[in-house]
Amino acid sequence: MSAAVLPKHVAAVLKCQKNPLRALEIFNSVKKEDGFNHNLSTYKCMVEKLGCYGEFNEMEGVIEKARQKIDNKMLEGVYITAIRSYGKKGKVQEAVDVFEKMEFFNCQPSVHSYNTIMNVLVEHGFFKQSHKVYMRMLEKGISPDVYTFTIRIKSFCRTNRPHVALRLLNNMPDQGCKFNAVAYCTVVGGFYEVNCRVEACELFDEMLRLGITPDVTTFNKLICMLCKKGDVQESERLLNKIMKRGVFPNLFTCNVLMQGLSERGQLNEAARMLETLNKEGLNADVVTYNTLICGLCKHSKVAEAESYLHKMVNSGFEPDAFTYNTIIGAYCKLGMIQKADRILNNAVFKGFVPDEFTFCSLIYGLCQDGDFNRAKSLFNEAAGKGMKCNVILYNTLIKGMCQQGLILEALKLMTEMPENGCRPDTWTYNLIIKGLCKMGCVSDASNILNVAVAKGTLPDIFTFNTLIDGYCKQSKLADAIEILNTMWDHDVVPDVITYNTMLDGLCKLKTSYDVMETFKVMVEKGCVPNIITYNILIESLCKSRKFMKALDLLEDIQSKGLIPDTVTFGTLINGFCENEDLEGAYELFRRMKTQYNCSHTTATYNILISAFAKKLKMDIAEKLFLEMSECGCSPDNYTYRCMIDGFCKVDNSELGYKFLLDNMAKEFLPSKETAGRVINCLCVKNRLLEAVGIIHLMVQKGVVPDVVHTIFEADKKDVAAPKIVVEDLLKKNHITYYAYELLYDGIRDKKVLKKLSVQKIFYH
């Protein structure tokens, strides 16, 4: 190599290298040339290349050489590059170590170094440590700059303190720092994160009024957060505002919006966005197609996803492993193994090499399909293709077996793992424990836990929660409590699911006192209750007829920042109804919407309709029935049953009959008891034609004894089925003997049958 080679030439060559170790070879070889010495630029370039690819041992070696060749006071840029590299790979402690060594090697950190390490700490959630670094910087007499403020603002927003971040933002000019779009958008995002939409919108508009317009990269970070929250509409609204100021979306913007639409199930809109990209002067890429394909697969529209795979290929793009695995995995989840096989075979023909995810999807799908022989064969094939039978592949096969009840085969497979050089992990034991608990073998599952601990595999929260749930379902609360106490011995802290499971078990078997005492322990241990916790407490208090205490919990729920849901109100309303306080139940039902802004559901309407129907207050029940349809809550089979039974009890055969016909017209199948009530009412009123019509409707809709299905000849079935239905209704005491006598003759009366045939269209 000629001595004319300059450091800037070497730096350019190093940047072009895709293989970091090859770049290092070039770096080391060039220094052997006469007259050439690496400078700060080449060292920094080499450190950046190695750090980017995670070759940290080699990177540290280059830094050490730089210390020997270059004045350490000048190496701040090299150290900053190393800190960023460690940060990007999640090696926070190593990044901190580099920062701490700077002063030791006589390189005084400037505000840039402090900003870099603070940003790494904030990005990985070490907010308190970042604050300590900031205070240390101030103690050193180093003045913060605009980036320091932006990082601090980000820290406050990440800890859900956007109002504090806003005060810091407003204080920036007093500290000699100008407002910038990054700081503004960070605070705006912070407000959106905690659902303070008004403050977020006002601040965004204020930023634009000040003439501060974010560039597309800064804006993309904001809408990325909004789309993750599912607020695509708000993202589009903000996008329209910045487009009026000359900032236009790039492909990343469109991909983010498409992902947001897909996550919300707005797949048609996402597909339209893909189709309009070319009109906007943007060209879709593999990520664009993958985003839409992934969204379609998540919503089980795999055939459509496959069609976009073909469009992708026709547009000149080569599908990657993510594309194929997404579609294969989706077909497997739906049990369409043949279609998954077809996609895989086509992909392999085009050069795709199945990976761990591919095999796991197929193995799980085959297990779900009950084809365990092929699942095992595929498992062995993965090993034969050089893919080591790792714990993930084993766990996939074990999971499939456990879900299909083949627990003994799953246990056998787990015992074979060490022989094949693979040690069962916590998740392996969890799958076996869950499978055993599902089969009711909770004691055996507990023994498996002891085996896992003896072999050095530590249980996790899922392990204990599964066992506690298993014991509670078997009403073995003493064993469940023993498992709860064992958790502390293994340094596993019970979570809200643990306590909710215990509380639910106590609610079913013990008094409200026991439930409330356990709740107190839960709070004392620092476990924060959720809405499910409070719903269990309310159910327990209602069972003990302590309705006012249960009602008081509504205020506690709101004071804790929780929102009562339909289960909360359904439990309370049902409690009032069981206590025959229909007035209190109805009042709470109305407050549910007006005071708590909680929408009614079919279930909450059913509770009230059932209660009023039992008390024969059919005027109110009918009013609620009509209201629920207007509110978008469709009546279900239980709703109709309550209404029909109520009308029959008040001897209103006309409405009872009408509701039964409506019920059957909506493809709901009434119970034989409900149909019998209406038939009895009609027979008392001598409305034989309608009563016989119901019998024929029951035959038509399949509300018949099983013996009817054994009659294969249509003519014989038409004659025999009505008679069998009538006899079955009498046998099960669903109709009176008087009704039976009328029906027995009526179903064979040719005049009645002729009239029914004329009205056949009515019954259809």
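See the values below:
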| item | result |
| --- | --- |
| Theoretical FRET efficiency, 1/(1+(r/R0)^6), r = Cβ-Cβ of Asp371 and Glu206, R0 60 Å, to 0.05 | 0.45 |
| Alpha-carbon centroids, segment 80-96 and segment 375-454: separation in whole Å | 37 |
| Hz values of 3J(HN,Hα) by residue in segment 734-740 - Karplus curve (6.51, -1.76, 1.60), Gly and Pro given as x | 7, 10, 7, 5, 4, 5, 4 |
| Crossing angle, helix 653-665 versus the chain [Cα axis fit, 0-90 degrees, rounded to tens] | 40 |
| Degrees between helix 302-314 axis and first principal axis of the chain (Cα, 0 to 90, nearest 10) | 40 |
| Between 0 and 90°, nearest 10: helix 566-578 axis offset from the chain longest Cα axis | 30 |
| Aspartates and glutamates with Cα under 19 Å of Lys510, excluding same-chain neighbours fewer than 8 positions away | Asp469, Asp479, Glu482, Glu539 |
| Centroid-to-centroid separation of segment 464-503 and segment 63-79 [C-alpha atoms, Å] | 56 |
| Accessible solvent surface per residue of the chain, calculated while the other protein chains remain in place, 1.4 angstrom probe, Å² | 51 |
| Listed values (i) 44.0; (ii) 30.8; (iii) 46.6, entry calculated as mean projected area of the Cα convex hull in nm² | (iii) |
| Förster radius 45 Å - calculated FRET efficiency between Ser443 and Tyr738, Cβ distance, rounded to 0.05 | 0.20 |
| Candidate residues Arg272, Arg209: accessible-area rank, largest first, probe 1.4 Å | Arg209, Arg272 |
| Where Asp174, Asp285 fall by accessible area, highest first, once all protein chains stay in place (1.4 Å) | Asp174, Asp285 |
| Leu506 accessible area, 1.4 Å probe, all protein chains in place, Å² to nearest 10 | 10 |
| Set of aspartates and glutamates with alpha-carbon distance to Lys755 below 13 Å, sequence-local pairs under 8 removed | Glu690 |
| Accessible area, probe 1.4 Å, largest first, for residues Arg748, Arg687, Arg245 | Arg748, Arg245, Arg687 |
| Peptides 475-487, 538-550 ordered by average Cβ neighbours within 10 Å, highest first | 538-550, 475-487 |
| Dipole moment magnitude, nearest 20 debye, segment 1-145 about Cα centre, only Lys, Arg, Asp, Glu C-beta charged | 220 |
| Full-stretch length increase - Lys88, Arg197 - with 0.36 nm per residue and alpha-carbon distance subtracted | 36.1 nm |
| Protection-proxy order for peptides 275-283, 617-625, each taking the mean of Cβ atoms within 10 Å per residue, highest first | 617-625, 275-283 |
| Listed residue pairs exceeding 32 Å between alpha carbons, taken from Lys8/Lys244; Lys412/Lys473; Lys476/Lys672; Lys89/Lys376; Lys44/Lys132 | Lys8/Lys244; Lys476/Lys672; Lys89/Lys376 |
| Lysines whose Cα lies under 19 Å from that of Lys525, excluding same-chain neighbours fewer than 8 positions away | Lys560 |
| Sorted peptide list for 584-594, 695-705, criterion being average Cβ within 10 angstrom, highest first | 695-705, 584-594 |
| Length gained when the stretch Val451-Glu727 is fully extended (0.36 nm per residue, less Cα-Cα span) | 93.4 nm |
| Accessible carbon and sulfur surface of the chain relative to its total accessible area, %, 1.4 Å | 53 |
| 27 Å Cα-Cα threshold exceeded, pairs from Lys91/Lys399; Lys617/Lys666; Lys658/Lys701; Lys438/Lys731 | Lys91/Lys399; Lys438/Lys731 |
| Full-stretch length increase - Lys549, Val353 - with 0.36 nm per residue and alpha-carbon distance subtracted | 64.3 nm |
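The values are calculated or read from the model by the stated rules, or taken from the named source; none is laboratory data. Since the model is a prediction, treat every value here as computed from it, not as a measurement. Here the Cβ is made from the backbone with ideal geometry for all residues, glycine too, and neighbour counts use every protein chain on show. Please note that ligands, DNA and RNA were not included when accessible areas were found on the heavy atoms of the full protein model with its side chains. Shrake-Rupley method; radii C 1.70, N 1.55, O 1.52, S 1.80 Å.
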